[in-house]
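The values are calculated or read from the model by the stated rules, or taken from the named source; none is laboratory data. Keep in mind it's a predicted model, so treat the numbers as computed, not measured. Every residue, glycine among them, receives a Cβ derived from its backbone with ideal geometry; neighbour counts consider all protein chains shown.
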Amino acid sequence: MYALSVGLLVALWTLASVLIEVVRGRAYLPNPIVALSEVVRLGPMLFRHFWISAWRLVLAILIAFFAGYPLGLLIGHERKLDQLISPMIYLVYPIPQVAFVLLLFIVFGIGEPVKVAIVAIALFFQLLVSARGAAKLIEQEHVTSVLSAGGSRWQIYRHVVLPATLPPILTSLRVSVGLGMAFLYIAETSGPARGGLGVYVKETMVYSPPPAFAGILAMAVLGSCLYLIIEIIERLACRWKYVGRNALLVAAERALQRWRSNRS
Amino acid sequence: MISLRHVTVEYGTGSTMVRAVDDVSLDIPPGESLALIGPSGCGKTTLLFSIAGLTPITAGEILVHDVPVKGPRREMALILQNAGLLPWKTVAQNANLSLLLSKQYPGRTADAVLDDLGLGTVKRRYPSELSEGMKRRVGIARALSTSPSAMLMDEPLASLDTLTRERIQDQFLELWQQHGFTLLLVTHDMEEAAFLAQRIVVLSERPARIVQIVENPHMGRQDYRSDDAFRGVLSELRGALMS
């Protein structure tokens, strides 16, 4: 099925390439074979840009995760903190983070840190809001279970809040990879060029589409690799989610039990 | 001895204030099995949670061995409605949770209890892989792991099919007789109360007040359900709940 999906994408890409060439009289969109051969031809140089981008994106994801996740959990689980901080978040969150790019250049200068900061800030808000939401959805029964066994506040975080919120936060992180790639492009193409796939694609697109599409392919590979790594981490860290019966069947069974319970 | 002296529990403040329990006084001697029965939402779970130290009381006092209850106590184990199992922990980890949290029992595990309850082969499984009956038994294993002097149960067998419910009731009875702990059961199932409790406290609609205490001296046998005394107690309970 995966092979079929990739095959379909390649076919659609080829079709689009042919159509554009027929309509515009020039191959603005290189076909997949041309793009792939460019990847091979540009190998080492493209690889250098790939690593620069990968390093920036991974660092930004780690900063956003380790700042946004714990803070989101605290806000979601501690009512007073929620009342204090949530209004601020909801005022700042809807502002497009692109609006802060110039400010970040002023604060961080034009070096490497600003490129990581642009991506990290965008992902931070995404993860913060997700973690807060996940913490608010924790079943009270699980908290009561630990409390009644004499669990402390820290033990509630350790045994309930962290494991209960890990699957939704990892899903959110996976979804955020796309957002991170978009902001990486913005960060790399803003300010002076210091390498990275974004700036490589922007510069080559102007005079020759095939090398640019080799860069876009490399970006797709980077995004897919991160997506896959996060999914593997999720499957290892949240094994309990992937065992037993079909999750839909379990949910249906619970609904039926609740209905029976209400009737009795 | 668990003693309740004029216990009142209220939620909220001002116009949103709700009185859940109103002036309840009761003595539960060590080793007794007692059931709190009443209509749904009457406040019986609130009262149980107050005894467990999870819900603060507004007035009166709750004493366990003459010591006021200020919070959860390790000698009192609570079994929740859906067993309260943590889905991310295996059966063994769930059963050992109370031991792990307290750190008062180094080296002790719930393995023997799990084996006794017929869960020895599923120790490495997650709750989502178990039947509802098995989940309830894991909840019992967790409660028993610390050898509590009192077992507080909040509708522990709700939403189970009749056969499974009766099987686990039989197991409860056996464990109570074997371990001698105080058993405090909250239920809205009259048959469950009549089978498991020596005394059944009938509570009113919210706020919960004691309407009647039904004595059930002949309970304690596995075949009690087919006894005339059992039917007599059921009839008395029905009368008290309808009044």
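Annotations for the structure displayed:
A quick yes/no check of all residues on (1) within 8 Å of chain A (Cβ to nearest Cβ); (2) of a type outside the set (Ser, Thr, Tyr); (3) crowded, with 19+ Cβ neighbours inside 10 Å:
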residue	(1), (2), (3)
B:GLU61	no, yes, no
B:MET76	no, yes, yes
B:GLY84	yes, yes, yes
B:GLN104	no, yes, no
B:ASP116	no, yes, no
B:GLY120	no, yes, no
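- Wholly enclosed helices (runs of 4 or more DSSP H) of region A:64-154 bearing at least 1 residues more than 30 Å from B:LYS135 (Cβ to Cβ) and charged (D, E, K, R): A:79-92, A:112-136
- Scanning region A:175-204 for residues that are among the charged types (D, E, K, R) and farther than 20 Å from A:ALA64 by Cβ yields A:ARG194, A:LYS202, A:GLU203.
- Listed by first and then second residue, the pairs linking a residue in region A:139-158 that is on the phi > 0 side of the Ramachandran plot to a residue that is in a helix (DSSP H, G or I) and of a type in the set (Ser, Thr, Tyr), with Cβ atoms under 9 Å apart and 6 or more places separating them unless they lie on different chains, are A:GLY150/B:SER98; A:GLY150/B:SER102.
- With respect to being in contact with a strand residue (DSSP E or B) (Cβ under 8 Å, 6 or more places away or on another chain), in the same structural domain as B:LEU97 (by TED's automatic domain parsing) and charged (D, E, K, R), B:ARG124 falls outside the description.
- Scanning region B:57-102 for residues that are under 25 Å from B:TYR11 (Cβ atoms) and free of Cβ contacts under 8 Å to residues at least 12 places away in the same chain gives a single hit, B:PRO68.
- B:ALA143 being buried (at least 19 other Cβ atoms within 10 Å of the Cβ), in the same structural domain as B:SER102 (by TED's automatic domain parsing) and among the aliphatic types (A, V, I, L, M): yes
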